[in-house]
Every structure is written in structure tokens, then in C-alpha cells.
Amino acid sequence: MKTYTSWLIAIIVLLSLTSCSRDPLDGKQLEAPKSAAMASTKAEQVPKTRYIPKVALVSKSQDGFSIPSPVEAEKSGEKYVTVFWGILGADTWGVENINGNGIWPTAVERNGAEPLMGLAFVDSLNDWLDFTLQIIVVGRKKDILNSKIVSFDRDGGKVHDPMGKGYAYDPKKFDDEEGYMHETFQRYGKTLVEQQKFWQEYAEARGIPASTFETREYRVGSPEWEEFKANLAKRLKYNYVMANGEIRATYMPLKEFQNESYTNHGVTPGQRFARNINLGPAPDLGIASSIISGVLDASNGPIQGIYARAECLREDLKPSFRLFQEMAKIILKNRDRAIQQLQMKLLEAQQNAPGR
């Protein structure tokens, strides 16, 4: 009877912790940054928290490096998909990229309703060393044209404007207070109209067609939709069927996809419990007591892995710096080759000019 009661208590404690998204740090003001320079970079003073907002991509590890295949839109009967562009800050890419790419959440404001969520992935590191994002939202362009749009770190810890600059905000208030959510969208968001103006200026300054960054709406099943699917397949080459039958598109080969999918990064209290708990009996403690202690410890444990607020060694960030350097070198090498070809054409034209 005693063992049965102990296990019952353990299960009750476990359910109470894992079924609630509240974290023991929520709402507590931690020590402010000692560096004035660091403090000045924050848009507002907000409590440091491990609270994971609804917008975050944390429920499954594969959310961070794959998206539902366009086939899923066809299966679910969706009529339209809108695709537009953004920039991912190099700092966010540096700490949250997974093998050079990744998926990030984007939110479109809807008055009196939950935000319309979209998914963003890196389309390319362009010739000006900007990580351009392709952002996919289910719905019509006209319905979101004048709505404010923001992006987030993968774990929702910071809010970003569409140009890639991140800002501190309070993720819990964003979930709980409609007024604060609206204020956040208004302060940091840009509409598609405003974004299009930015991209026109961006393209003109670099001598490239403005149509490169045009917002496009695709009717599911149309020839344009099929073209979109073909282009997307060049970026996200692999498709895998999940246990629930969902087809997901990713840039990862199967072995890498499986390894990352099975990794528990400890984002939620329940995941931290599953990662950290020691089920073996401890001296002077029954198994149930060990479980209760483990739940309490694990729920306070760190986030690890592919999220901006994850704890890590500085050593762990080396591959990102190295990869960025390698990508930048390829861009510079291609640019040098193009310059040399133009110089050769110019020299040839000069040599063949009349009168020489």
C-alpha cells in the first residue's frame, strides 16, 4: 500500500509540472545587466525568463529543421498560400542554425484572434552577406496585406522585425495580455506594404531586380503552385513521412534528420524531466521520492541545443563561426571570378577596338 501511495504521489507531481507551461522563473525580475552598453541595446526592460510562448517552435525537435510539405496544404484543403521575404540576423543564425539552416516562427497580427503563424527558412546567404528568409503563410495576400508581421527566435525568447533586428520583450505578457501583444506587433512589426518598400530600396541599392523579393500568392493546385513546389524542393530537398502520417520537407539527409529528431533539448519542464531524471533507487530514498526530487530539479534545468536561450559552452559555437566563414569565402570567390571575367571582356574589347 505504501509503494502504491508513493507512486501515486509521484504521478500527481509529474502531471502538475509537465501539463503546465509555467516555469519557476516566470515573472521574476532578475539582476539587470551590469554593462550599460548591454542594457542600452534592449528596447524595454523585461524580466529574464525561460517561459516558452505559444509562437515558439519547440513541441517537437523536427520543428526546428523541417516544415510540413506543400502536399499537406493540398491534403487539408487549403486554398491559398502567401510567400514573402525577410532577413535573419547573423547573430540569430549563429546560435540557432542547425547544419547551416533552420526553421523560425513568424506571426501575423489578427485583431481579436490568435496570430496567424508562418514558417521561415534561410533561402540563401546572398552576395551582401544577408541571410534572406523565405516566409510561408497559409492564406490570401489581401487578407494580411496591412497586418503587422514579426518573427521570433525559435524558442520565442526575442522578437524580430522583418529586417532581422531582435528586441527584448516579455513572452508571457505576449501570450496573456492582448494589449501587450498588439503593442509588440505595432512597435516591432512591418506590414507587407512596408516590407515591399524596404525590398525595393534594398534591390535598387544593389543593382538587382526588385521582383527578386516580390510577395507572391499561390492558389493551391494551380500551375504557379506547382512551380512553387518545384522551387521549394531545390531548397528543402528531402521529404519524410512521420509516424502520424504527416509529410515534412527538410534540407537534412535521413541520418541527420533522425539524429536531430530524437534529441531531447529539454525546452519544457516535461522534456527536462525526461532528460535528467535518474530512475534508479537512491540511498535512504524510495523510488517515488527520487522521482519527485528529479521532477523538481529537472523542471528548473537548462534548455540545451538549438535554441537561443539554451545553455552551452562557448566552444559549442565554433562550428557556426567556421561555417559562416566558409560560406562567406565562397561568395567572395564567386565575386572575384565574376570581376575577373568582366576585366577580361573589357581588355578584349579594348584590344579589338578600331584603330588599335
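The values are calculated or read from the model by the stated rules, or taken from the named source; none is laboratory data. Given the structure is predicted, the values throughout are model-derived calculations rather than measurements. Every residue, glycine among them, receives a Cβ derived from its backbone with ideal geometry; neighbour counts consider all protein chains shown.
Looking for something in contact with an Asp or Glu (Cβ under 8 Å, 6 or more places away or on another chain), at pLDDT 90 or above, of a type in the set (Asp, Glu) and more than 23 Å from PHE131 (Cβ to Cβ) - is there at least one such residue anywhere in segment 223-238? It would help to see each step written out before you state the result.
First, pick out the residues of segment 223-238 that are in contact with an Asp or Glu (Cβ under 8 Å, 6 or more places away or on another chain): 235.
Subset that is at pLDDT 90 or above: 235.
Narrowing further to those that are of a type in the set (Asp, Glu): none.
Scanning segment 223-238, I find no residue that is in contact with an Asp or Glu (Cβ under 8 Å, 6 or more places away or on another chain), at pLDDT 90 or above, of a type in the set (Asp, Glu) and more than 23 Å from PHE131 (Cβ to Cβ), so the answer is no.
For segment 104-116, name all the residues that are surrounded by 15 or more Cβ atoms within 10 Å (Cβ to Cβ), of a type in the set (A, V, I, L, M, F, W, C) and either over 23 Å from TYR202 (Cβ atoms) or at pLDDT below 95 (or both).
Matches in segment 104-116: LEU116 only.
Here's the yes/no breakdown for (1) without any contact (Cβ under 8 Å) to a residue 12 or more places away in the chain; (2) over 22 Å from the mean Cα position of the chain (by Cα):
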residue: MET181; (1), (2): no, no
residue: GLU201; (1), (2): yes, yes
residue: ALA205; (1), (2): yes, yes
residue: GLY221; (1), (2): no, yes
residue: GLU226; (1), (2): yes, yes
residue: LYS234; (1), (2): yes, no
residue: VAL241; (1), (2): yes, no
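Out of ALA210, ALA233, I need the residue that is small (Gly, Ala, Ser) and touching a helix residue (DSSP H, G or I) at 6+ places or on another chain (Cβ under 6 Å). Which one? Give the steps one after another, and end with the answer.
Details: ALA233 fails: touching a helix residue (DSSP H, G or I) at 6+ places or on another chain (Cβ under 6 Å).
Sole residue among the options that is small (Gly, Ala, Ser) and touching a helix residue (DSSP H, G or I) at 6+ places or on another chain (Cβ under 6 Å): ALA210.
Could you check segment 54-97 and list, in sequence order, the residues that are touching a Phe, Trp or Tyr at 6+ places or on another chain (Cβ under 8 Å) and of a type in the set (D, E, K, R)?
If the condition is that a residue be touching a Phe, Trp or Tyr at 6+ places or on another chain (Cβ under 8 Å) and of a type in the set (D, E, K, R), then GLU96 is the only one that fits.
Please give the number of the condition ASN101 fails out of (1) modelled with pLDDT of 90 or more; (2) over 16 Å from the mean Cα position of the chain (by Cα).
That leaves (2) as the condition not met.
Residue pairs, Cβ under 8 Å, 6 or more apart or interchain, first in segment 245-256 and without any contact (Cβ under 8 Å) to a residue 60 or more places away in the chain, second surrounded by fewer than 20 Cβ atoms within 10 Å (Cβ to Cβ) and not aliphatic (A, V, I, L, M). List them.
PRO253/TYR238; LEU254/TYR238; LEU254/TYR240
What is the residue count in segment 117-167 for residues that are assigned to a strand (DSSP E or B), among the hydroxyl-bearing types (Ser, Thr, Tyr) and surrounded by 17 or more Cβ atoms within 10 Å (Cβ to Cβ)? Step through it out loud before you land on a result.
Step one: filter segment 117-167 for residues assigned to a strand (DSSP E or B), giving 117-125, 131-138, 149-152, 158-160, 166-167.
Among the residues that remain, those that are also among the hydroxyl-bearing types (Ser, Thr, Tyr) are: 124, 132, 151, 167.
Then keep just the ones that are surrounded by 17 or more Cβ atoms within 10 Å (Cβ to Cβ); that gives 132, 151, 167.
Summing the residues that are assigned to a strand (DSSP E or B), among the hydroxyl-bearing types (Ser, Thr, Tyr) and surrounded by 17 or more Cβ atoms within 10 Å (Cβ to Cβ) in segment 117-167 gives 3.
Does GLU96 fit the bill of being under 24 Å from ILE52 (Cα atoms), surrounded by 19 or more Cβ atoms within 10 Å (Cβ to Cβ), in the same structural domain as ARG235 (by TED's automatic domain parsing) and under 16 Å from the mean Cα position of the chain (by Cα)? Spell out how you get there, then give the answer.
Values: under 24 Å from ILE52 (Cα atoms): yes; surrounded by 19 or more Cβ atoms within 10 Å (Cβ to Cβ): yes; in the same structural domain as ARG235 (by TED's automatic domain parsing): yes; under 16 Å from the mean Cα position of the chain (by Cα): yes.
So GLU96 passes the test.
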